[in-house]
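Where a number appears in this text, it was derived from the coordinates with a stated rule and is not lab data. These numbers were taken from a predicted model, which means no experiment stands behind them. Note: ideal-geometry Cβ built from the backbone for every residue, glycine included; neighbour counts use all protein chains shown.
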Amino acid sequence: MSTKTVTAPVFQNASRINRSLTASLEKRALEWMARHAPRWLSSDQLTLLGLGAQIGAGVFYALSRFHRSALLLVILCLALNWLGDSLDGTLARVRRQQRPRYGFYVDHMADIFGSVALMCGLGFSGFLHWQTAIALLVAFLVLSSESYLATYTLSCFQLSQGIFGPTEIRILLIVGDLALLRSPYSIVFGHTVLLFDLGGIIAACGMAAMAITVAVRHTAQLYREEPLP
């Protein structure tokens, strides 16, 4: 009776590219925190913190429909989401405890579930229309899907698009939340519109345009690298 040895599939680490506005400062801060983190803290705990905080942000967005002060708790959750989502990988690298396949899969599934929760909360908040929340979610998922496919096919993980990355998006959300505490409306060409509707439409269109642009560029690159025989 013969036995077969099962070997783990070969996983090629992708190069990580982050050219966002805060990338350099954020990297130094995360490495400092990782080196000074208590030994009992693990990357898995940070991933759970990031996911739980993003779900919490969605819950508090929904509750802000009834009491606007819940937006302050949204801001706290966004800060905790940054901490968990950004520090988990850095902690693993500093401690030389990388699990490339596990980390990549779990981290990005957490991002997907967290984003759905966040957009659902925004839709329930009344600070923007459901159509805008759905457009934002679809645009984000399309852009994320392109990034994941490019990571596999090009071995290049693009953490940012241009000068915008996840941290910049969180900062914009926090600024928007502070503005909502004052008023949920904005005046555009003499018309009163919901502030988050305006920002959401701009963001959804921007993400859709980025997804199309990057998809065309990567398709052309792959076509050149794999010409027909």
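Worth pointing out:
- Consider the range 91-136 and keep the residues that are of a type in the set (Phe, Trp, Tyr) and over 16 Å from the mean Cα position of the chain (by Cα). The one that is surrounded by the most Cβ atoms within 10 Å (Cβ to Cβ) is 127.
- Residue tally, condition touching a helix residue (DSSP H, G or I) at 6+ places or on another chain (Cβ under 9 Å), surrounded by fewer than 17 Cβ atoms within 10 Å (Cβ to Cβ) and farther than 19 Å from residue 167 by Cα, over the range 42-67: 4
- Entirely in the range 114-227, the strands (runs of 3 or more DSSP E) that have 1 or more residues that are under 23 Å from residue 78 (Cα atoms) and either aliphatic (A, V, I, L, M) or in contact with an Asp or Glu (Cβ under 6 Å, 6 or more places away or on another chain) (or both): 191-194
- Remark: residue 167 falls outside the filter, which requires a residue to be among the β-branched types (Val, Ile, Thr) and over 23 Å from residue 114 (Cβ atoms).
- Scanning the range 13-41 for residues that are surrounded by 13 or more Cβ atoms within 10 Å (Cβ to Cβ), of a type outside the set (A, V, I, L, M) and assigned to a helix (DSSP H, G or I) turns up 26, 27, 31.
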